[in-house]
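Shown next, in structure tokens, is the structure this report addresses.
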Amino acid sequence: MKLHEYQAKQILHDVGLPVPQGEVTSSPEGVRAIAERLGRRVVIKAQVLMGGRGKAGGIQLANTPDEAEQIVRNLLGKRLISPQNPQGMVVEKVLVEEAIDIAKEFYIGITVDRTSQRNALMVSQYGGMDIEEVAATHPDAIATVDIDPCIGLTDYKAREVLYAAGFDSALIRPLAPILHGLYRAYLACDANLAEINPCALTTDGQLMVADAKMTIDDNALFRQKRLAAYREESAEDPIEAEAQQRGVAYVRLGGNIGIIGNGAGLVMCTVDEVARAGGKPANFLDIGGGAKAEQVRQAVEIVLMDPNVKGLLFNIFGGITRGDEVAQGILDALQTMDIRIPIVVRLAGTHAEEGLALLRGTPLIPAETMQEAARRIVSLVQASAT
Ligand code: GDP
Ligand code: MN
């Protein structure tokens, strides 16, 4: 899960890092009020979960509360597009902060290094909006150090990496605590990425967290109670959020053929097969091993929350999952919901015959193989569209 800048900044503030004062809001009037409270020049920052907001027009300075309000009137509801995110994201919230006068911009980041199998700390004197370009053209301008998980980030390691990046010795003493703080927050939140870019050196010599980014390991969310609340504030796909609530492995793909299967590999394969047959998969949904009828019914409910779905394909290869249990779940769905789209069902493996027997005499369309099932649902959906 990606955190918004304002959420990451709250976390970094709480571990003691210097974060500019500010508040988040979703209304122009709110912006005016915050700007008045701050009582000085402010920076307005679109809270969208994408990189490159600055270049996309999502970061703007305002000298007066009037100006701040005006900027946000234009910004809210606008879609920001950046090279990192060509689809773009719509601005729904902004962070209003006291503007700082930046003299230099540094980069500080921690992420998992899969090669060393450790967390890696990276720093550069050339932070800011072009850090990707720095990484590509001057990789030596970024210094990296692995953090030993048993020892943690020692002060000498923090200094070593700052020296290696060529930082002025006068900056090393004040920067080291920021490295330590970022690492503390990274560990405490079960993050797999934490970045301060830029860490700003102001014209009066202060260091400030001007931008912060954090990504949390989804597998740790169960023990991150505080972050679970952030999840609701995050602009996730509403169906994916609902599926997550119910513990269903669902990913929205944007097409019109709903896909449900058991086992991630089989479902991915089914998605490919539908695409190969000329169809557009609406989603990935894995009911997992040994799913009971109620889970199957819930899976149908989730997939049909997407109004674009014009046909549904079940692909079940039963091992511990039983064909009759799945068939019963689909029938329960038909009973409890008003379903008017074709449903093709391929059942094989454990209790497939019993399952197929249950489906006889119902509107469900059986198919022998995955290929046949994919072709069938694609042609049915195409026929209904014309
Ligand atoms: P990003 O483009 O999504 O990474 O957004 P950032 O928050 O990093 O902002 C982009 C750039 O805007 C920064 O690199 C700064 O140059 C500038 N910026 C951000 N906040 C301030 C501020 O308070 N004052 C000034 N002068 N510039 C800022
Ligand atoms: Mn940034």
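Filter the stretch 50-74 for residues that are aliphatic (A, V, I, L, M), in contact with a helix residue (DSSP H, G or I) (Cβ under 9 Å, 6 or more places away or on another chain) and not in a strand (DSSP E or B) and give the result. So that I can check it myself, show each step before the final result.
As a first pass, look at the stretch 50-74 and keep what is aliphatic (A, V, I, L, M): 50, 56, 59, 61-62, 68, 71-72.
When the remaining residues are screened for being in contact with a helix residue (DSSP H, G or I) (Cβ under 9 Å, 6 or more places away or on another chain), the result is 61-62, 68, 71-72.
Within the stretch 50-74, Ala68, Ile71, Val72 qualify.
Within the stretch 193-251, track down each residue that is polar (S, T, N, Q) and not in a helix (DSSP H, G or I).
The first filter runs over the stretch 193-251 and keeps only residues polar (S, T, N, Q), leaving 197, 202-203, 206, 215, 219, 224, 234, 244-245.
Within the stretch 193-251, Asn197, Thr202, Thr203, Gln206, Thr215, Gln224, Ser234 meet the criteria.
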For the stretch 360-385, which residues satisfy the criterion of being out of contact with any strand residue (DSSP E or B) (no Cβ under 6 Å at 6 or more places or on another chain) and not in a loop (DSSP other than H, G, I, E, B)?
Gln371, Glu372, Ala374, Arg375, Val378, Ser379, Gln382, Ala383, Ser384, Ala385
Of the listed residues (Ala188, Ala143, Ala200, Ala165), the one being among the aliphatic types (A, V, I, L, M), within 16 Å of ligand 1 (Cβ to nearest atom) and either loosely packed, with under 15 Cβ neighbours inside 10 Å or within 28 Å of Asp101 (Cα to Cα) (or both) is Ala200
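Of everything in the stretch 37-57 that's over 22 Å from Lys213 (Cα atoms) and within 13 Å of ligand 1 (Cβ to nearest atom), which residue is surrounded by the most Cβ atoms within 10 Å (Cβ to Cβ)? Step through it out loud before you land on a result.
Looking only at the stretch 37-57, we keep the residues that are over 22 Å from Lys213 (Cα atoms), and these are 37-41.
If we keep only those that are within 13 Å of ligand 1 (Cβ to nearest atom) too, we end up with 38, 40-41.
Details: Leu38: 19, Arg40: 10, Arg41: 16.
That would be Leu38.
Applying the selection to the stretch 92-132, what residues are among the β-branched types (Val, Ile, Thr) and away from ligand 2 (no atom under 16 Å from the Cβ)?
If we filter the stretch 92-132 for residues that are among the β-branched types (Val, Ile, Thr), which is where we start, we get 94, 96, 100, 102, 108, 110-112, 115, 123, 131.
Residues satisfying the conditions are Val96, Val112, Thr115.
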Of (1) assigned to a strand (DSSP E or B); (2) surrounded by fewer than 20 Cβ atoms within 10 Å (Cβ to Cβ); (3) away from ligand 1 (no atom under 11 Å from the Cβ), Ser116 satisfies all except one. Which?
(1)
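Every residue in the stretch 58-77 that is within 15 Å of ligand 1 (Cβ to nearest atom) and under 16 Å from Lys93 (Cβ atoms), please. Don't jump to the end; show me each part of the working.
Initial filter on the stretch 58-77 (within 15 Å of ligand 1 (Cβ to nearest atom)): 58-63, 67-68, 71, 75.
Within the stretch 58-77, Gly58, Ile59, Gln60, Ala68, Ile71, Leu75 meet the criteria.
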Give just the number: which of (1) without any contact (Cβ under 8 Å) to a residue 24 or more places away in the chain; (2) over 29 Å from Leu38 (Cβ atoms) does Gly77 not satisfy?
(2)
If you go through the stretch 253-299 one residue at a time, how many are assigned to a loop (DSSP other than H, G, I, E, B), among the polar types (S, T, N, Q) and closer than 16 Å to Leu347 by Cα?
1
Spot the failing condition for Ala235; the list is (1) within 16 Å of ligand 1 (Cβ to nearest atom); (2) modelled with pLDDT of 90 or more; (3) in contact with a Leu (Cβ under 9 Å, 6 or more places away or on another chain), and only one is missed.
(2)
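The values are calculated or read from the model by the stated rules, or taken from the named source; none is laboratory data. Keep in mind that this is a model prediction, so the values were computed, not measured. A quick note on method: Cβ atoms are made from the backbone with ideal geometry, for glycine too, and the neighbour counts reach across all protein chains shown.
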